[in-house]
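The values are calculated or read from the model by the stated rules, or taken from the named source; none is laboratory data. Just so it is clear, the structure is predicted and the values come from calculations on it, not from any experiment. Cβ placement follows ideal geometry from the backbone for every residue including glycine, while neighbour counts extend to all protein chains displayed.
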Amino acid sequence: MRLEDYWGIGPKTRDLLADELGVERAVDAIERADARALVDAGLSQGRATRILRRAQGGEAMDVLATRDTREVYKEVLDLAGAHALTEDAASRIRVLTPLGSREEMAARIDRVLEARDAWTALDESTQVAVEDAFEENAAGGELASVRTALALSEAGVSEGVFESIAELDDDTLADAAAALAGLEGGGDGIGEGADDRLDSLRRTLADVEDMAATPESVVEEVQSGARGRDDFQETLVGHVTSETAVDVARVREAMPGQATDAGDFVTETLRALTGDLRTAVDEREAEVAERLAGTIETASEEIDAAVAAVDDIALYVSLARFADEFALRRPTFVDRETVAVENARNLSVVVGGVPVQPVTYGIGDHALEVPSANAPPSAHRVAVLTGANSGGKTTLLETLCQVQLLAQMGLPVPADSAEVGVVDAVVFHRRHASFNAGVLESTLRSVVPPLTDEGRTLMLVDEFEAITEPGSAADLLHGLVRLSVDRGALGAFVTHLADDLEPLPPEARVDGIFAEGLTPDLDLQVDYQPRFETVGRSTPEFIVSRLVANAGDRSERAGFETLAEAVGEEAVQRTLSDARWSA
């Protein structure tokens with residue numbers, strides 16, 4: 001395959017990868033989702049990630065139909081990546097994409113939950129040993145993988161996701177690790193410790209080179225110890241052999257046949273001796289390299305198995321830690337058009353440390369029982385969600401988006417249970433308070449085309465009225481609801497204009513979230529659990545009540561009391577009374 005056939009690779013990127021990696025290695029890196037190789041070749045982390053996502057996900061990436069959907073996708077992967085054992089595992093998590101079939105989704109979920117079970121079954125000390133094994137060998141490459149595999153074997157892990165470690169031959173891998181370490185010796189060619197004789201020759205060469213750098217001091221030392229001119233040669237032999245590990249015969253062989261004076265004699269001897277030792281080192285390096293290469297060749301299958309096992313464990317244990325941290329559960333994939341969650345939690349809220357009220361909610365034909373003051377909902381494919389400001393409506397849309405995307409990426413979801421029908425496009429649109437024609441046009445261009453394309457669509461649209469005047473917003477939103485129904489889409493639309501949308505199509509319903517009052521600290525108290533087929537109210541009297549209670553002076557209080565009269569003074573006074581009574 002040509003590099004330019006991959007999404008996001010133009011002529012400049014193609015030439016860069018071809019020059020740095022070669023076409024074959026670059027293609028292999030893309031197919032293996034090796035972000036490190038692309039970044040080392042000169043691409044930014046972000047660009048490498050985008051290229052690999054498209055290469056791995058293909059057309060399934062079209063599920064991410066809007067900018068806000070893509071933002072949720074990235075946020076979820078960032079949360080998962082924060083639990084990665086290694087940077088390479090984090091890079092692999094960042095390029096996970098929606099999958100193309102329910103079978104692939106279910107298979108990946110099986111692997112993640114199996115890994116979570118194996119991880120949580122380990123005691124704390126063993127978990128630390130596993131983490132240390134990856135951290136201490138985070139450099140990447142075959143040697144790091146082999147060392148990690150040996151460390152995992154020493155830690156005694158062998159169940160579930162670690163089963164592949166038990167299948168490796170530790171003795172073969174130990175020999176391979178020594179050979180790989182030897183051949184990764186950097187500038188010396190062969191690493192120290194790979195061969196005792198080579199190490200000895202190198203030390204001897206270094207000692208002789210030190211002597212050769214200052215021949216005059218050697219001459220002075222030898223002359224002071226010689227008993228005369230005729231004894232100079234033997235004294236030089238004794239001096240060199242006592243200061244280095246060179247044997248007598250090698251020193252004698254290096255001595256010149258004749259020299260004009262003592263200085264020339266010593267210089268020529270040390271120069272010849274240095275050359276002789278360098279040749280010996282080179283020859284021994286070649287012998288050792290051949291032997292180590294043979295060891296690696298013999299162990300090549302075991303090395304490949306260790307690399308694959310370590311890569312797999314790093315990815316799935318990282319995802320297992322993510323699943324364990326957020327108590328993620330297996331979703332149920334259904335043939336029906338639905339997304340429904342029981343006791344769902346928004347990941348972004350959880351990680352922010354805010355207390356979370358789990359929510360049960362669903363659209364489409366689902367079988368979950370929904371706690372509500374009214375009767376359970378019928379199989380409406382579209383819901384209009386209404387209710388209090390700061391009532392969690394946007395958070396609920398985002399939660400449904402997280403659940404849908406996680407499920408289609410083959411990952412467990414933040415809910416006690418969930419029913420998910422696979423869709424071809426997720427259209428999530430957050431509230432953007434920019435009131436102009438350009439924003440309206442760009443929003444419509446973003447949310448309408450996925451509805452008109454072939455395939456199943458999930459619409460999650462927040463406060464459409466924020467981008468145009470209320471009258472027109474109600475008309476446009478009513479049109480979007482009707483279009484969603486006509487195209488057989490699933491949808492949840494947050495709005496404060498529910499009364500202006502009547503009559504809705506029979507396939508759509510109105511749900512509500514209610515504020516229940518103020519706490520003793522005058523914080524808004526909200527029941528985040530939506531009530532089905534009930535219009536929620538914004539209850540401005542609660543907000544005005546808080547403003548009246550917190551007024552800084554008489555003039556300010558009088559102003560807020562005027563607003564209290566407008567929204568219903570009796571309701572405001574009742575709210576304040578209830579808050580004081582609760583305190």
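A few remarks follow.
- Filter pass, L444 being closer than 17 Å to A65 by Cα and at pLDDT 85 or above: no
- If the condition is being surrounded by 20 or more Cβ atoms within 10 Å (Cβ to Cβ) and either in a helix (DSSP H, G or I) or not assigned by TED's automatic domain parsing to the domain that holds R250 (or both), then the range 161-201 contributes V161, F162, I165, L173, A176, A177, A179, L180, G182, L198, L201.
The rows are residues; the columns are (1) of a type outside the set (G, A, S); (2) out of contact with any Ser or Thr (no Cβ under 6 Å at 6 or more places or on another chain); (3) assigned by TED's automatic domain parsing to the domain that holds A151; (4) in a helix (DSSP H, G or I).
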site	(1), (2), (3), (4)
G263	no, yes, yes, yes
L273	yes, yes, yes, yes
V281	yes, yes, yes, yes
R284	yes, yes, yes, yes
V288	yes, yes, yes, yes
G294	no, yes, yes, yes
V307	yes, no, yes, yes
A314	no, no, yes, yes
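- Within the range 11-34, being without any contact (Cβ under 8 Å) to a residue 60 or more places away in the chain and not in a helix (DSSP H, G or I) holds for L21, G22, R32, D34.
- Here is the figure for the range 54-77: residues that are free of Cβ contacts under 8 Å to residues at least 12 places away in the same chain and either part of a loop (DSSP other than H, G, I, E, B) or under 23 Å from R32 (Cβ atoms) (or both) total 1.
- Scanning the range 313-337 for residues being among the hydroxyl-bearing types (S, T, Y) and over 18 Å from the mean Cα position of the chain (by Cα) gives a total of 1.
- Options A558, A566; residue that is part of a helix (DSSP H, G or I), at pLDDT below 75 and surrounded by fewer than 18 Cβ atoms within 10 Å (Cβ to Cβ): A566
- Considering V485, V481, the condition of being of a type in the set (V, I, T), at pLDDT below 95 and out of contact with any helix residue (DSSP H, G or I) (no Cβ under 8 Å at 6 or more places or on another chain) is satisfied by V485 alone.
- Lone qualifier among E209, E268 - being without any contact (Cβ under 8 Å) to a residue 40 or more places away in the chain, part of a helix (DSSP H, G or I) and surrounded by 12 or more Cβ atoms within 10 Å (Cβ to Cβ): E268
- The listed residue being of a type in the set (G, A, S) and without any contact (Cβ under 8 Å) to a residue 40 or more places away in the chain, out of A194, A280, A249: A249
- In a residue-by-residue description of the range 297-311, the property of being in contact (Cβ under 8 Å) with a residue 24 or more places away in the chain and closer than 20 Å to A82 by Cβ applies to at least one position.
- Tabulated pairs, the range 97-124, first closer than 20 Å to R32 by Cα, second modelled with pLDDT of 95 or more and polar (S, T, N, Q), C-beta under 7 angstrom, 6+ apart or interchain: P98/Q408; L99/Q408; M105/Q408
- Failed item in (1) assigned by TED's automatic domain parsing to the domain that holds A213; (2) more than 30 Å from I165 (Cα to Cα); (3) buried (at least 18 other Cβ atoms within 10 Å of the Cβ); (4) among the polar types (S, T, N, Q), with S318 passing the rest: (2)
- Among residues of the range 505-527, those that are in contact with a helix residue (DSSP H, G or I) (Cβ under 9 Å, 6 or more places away or on another chain), buried (at least 20 other Cβ atoms within 10 Å of the Cβ) and modelled with pLDDT of 70 or more, counted: 5
- Within the range 280-312, being hydroxyl-bearing (S, T, Y) and within 34 Å of the chain's Cα centre (by Cα) holds for one residue alone: S300.
- The listed residues are T97, T86, T69, and the only one of them that is crowded, with 22+ Cβ neighbours inside 10 Å, of a type outside the set (A, V, I, L, M, F, W, C), touching a Phe, Trp or Tyr at 6+ places or on another chain (Cβ under 6 Å) and closer than 16 Å to L315 by Cβ turns out to be T86.
- Those residues of the range 215-243 which are of a type in the set (S, T, N, Q), modelled with pLDDT under 90 and either surrounded by 12 or more Cβ atoms within 10 Å (Cβ to Cβ) or outside any helix (DSSP H, G or I) (or both), in sequence order: Q223, Q233, T235
- Any hit, the range 35-43, residues being farther than 24 Å from M409 by Cβ, assigned to a loop (DSSP other than H, G, I, E, B) and not basic (K, R): yes
- Test: residue in the range 6-24 that is under 14 Å from R92 (Cα atoms), among the hydroxyl-bearing types (S, T, Y) and touching a helix residue (DSSP H, G or I) at 6+ places or on another chain (Cβ under 9 Å): no
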